[in-house]
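Before any comments, here is the structure.
The values are calculated or read from the model by the stated rules, or taken from the named source; none is laboratory data. Values in this document were obtained by computation on a predicted structure and should not be read as measured data. Positions of Cβ are generated from backbone atoms using ideal geometry, with glycine treated the same way; all protein chains shown enter the neighbour counts. Areas reflect the complete protein model, heavy atoms only, side chains present, ligands, DNA and RNA absent. Shrake-Rupley method; radii C 1.70, N 1.55, O 1.52, S 1.80 Å.
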Amino acid sequence: MSLQFLKNGQIYDSGECVPGLNLLAHAQLIELDIGSQCGGHGKCGKDRVILASSDQKKVNPPTQIELHQLSAAELMQGYRLACQCFPNTSDLRISAQIPPKE
Ligand code: FES
């Protein structure tokens, strides 16, 4: 299975889904820039992705860092920080939409 990213209407497939790798690392495997400015340390908040509700249960719940960086409305809409979000197992297909940057 694999992790797919949707950016500007285009699909980018990481080719794999690895539980020990966060979503940012999956994007980096295919050299897809999703906006990280802090290198995955949970400080910039620029690596936002949106998971469909069906995909939200395939990953870990939001971390303390995400609860601090994301608003309640964003969390309700499925926003996550890619560097804080890990697939639960390797047999998943997860789609993460990369919102346009302001
Ligand atoms: S990469 Fe900066 S918060 Fe995730």
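Residues H68, H26, H41, sorted by accessible area with the largest first, give H68, H41, H26 [1.4 Å probe; ligands and nucleic acids excluded]. Across region 32-42, rounded Karplus estimates of 3J(HN,Hα) from the backbone phi angles (6.51 cos²θ - 1.76 cosθ + 1.60, θ = phi - 60°) give 9, 7, 10, x, 4, 10, 10, x, x, 9, x Hz, Gly and Pro being marked x.
From the square roots a ≥ b ≥ c of the eigenvalues of the alpha-carbon gyration tensor of region 30-75, which class results: rounded (a/c under 1.5), prolate (a/b over b/c), or oblate?
Values: a/c = 1.90, a/b = 1.22, b/c = 1.56.
Taking the square roots of the gyration eigenvalues as a ≥ b ≥ c, region 30-75 is oblate.
Between Q69, Q84, Q37, the residue with the greatest mean-square fluctuation in the GNM of the chain (Cα pairs under 10 Å linked by springs) is Q37. At a Cβ-Cβ separation cutoff of 4.7 angstrom, cysteine residues of the chain with no neighbouring cysteine are C17, C83, C85. Accessible surface of S95, taken over heavy atoms with a 1.4 Å probe and every protein chain present, rounds to 50 Å².
Within the chain, how many lysine pairs that are 8 or more places apart, or on different chains, have C-alpha atoms less than 18 Å apart?
Details: K7/K46; K7/K101; K43/K101; K46/K101.
Step by step, the pairs that qualify in the chain add up to 4.
Placing a label point 7 Å from the Cα of N60 along the Cα-to-Cβ direction, the residues of region 81-102 with a backbone N closer than 20 Å are 81-97.
What fraction of the DSSP beta bridges in the chain is antiparallel, stated in percent and rounded to the nearest 5?
On the way: 10 of 15 bridges.
Restricted to the chain, the bridges split so that about 65 percent are antiparallel.
To the nearest 20 debye, what charge dipole does region 6-62 have about its Cα centre, counting +1 at the Cβ of each Lys and Arg and -1 at the Cβ of each Asp and Glu?
For this selection, approximately 280 debye.
Placing I30, I94, I50 in order of accessible area, with the largest value first and a 1.4 Å probe, yields I30, I50, I94. Rounded is the label for the chain, because a/c, from the alpha-carbon gyration tensor with a ≥ b ≥ c as root eigenvalues, stays below 1.5.
Each of S53, S90, Q10 was scored by the projection of its Cα onto the charge dipole of the chain, and the greatest displacement toward the positive side belongs to S53; charges sit on the C-beta of Lys, Arg, Asp and Glu.
Using only side-chain charges placed at the Cβ, +1 for Lys and Arg and -1 for Asp and Glu, the dipole size of the chain relative to its Cα centre rounds to 180 debye.
Each Cα pair under 8 Å and six or more residues apart adds its sequence gap; the mean of these over the residue count of the chain is a relative contact order of 42 percent. Helical runs assigned H by DSSP (4 residues or longer) give the chain a calculated mean residue ellipticity at 222 nm of -4500 deg cm²/dmol, each run adding -39500 (n - 2.57) before division by the residue total.
Remark: region 11-21, residue by residue, has Karplus-estimated 3J(HN,Hα) of 9, 10, 9, 6, x, 8, 9, 10, x, x, 10 Hz, where x stands for each Gly or Pro and the curve is 6.51 cos²θ - 1.76 cosθ + 1.60 at θ = phi - 60°.
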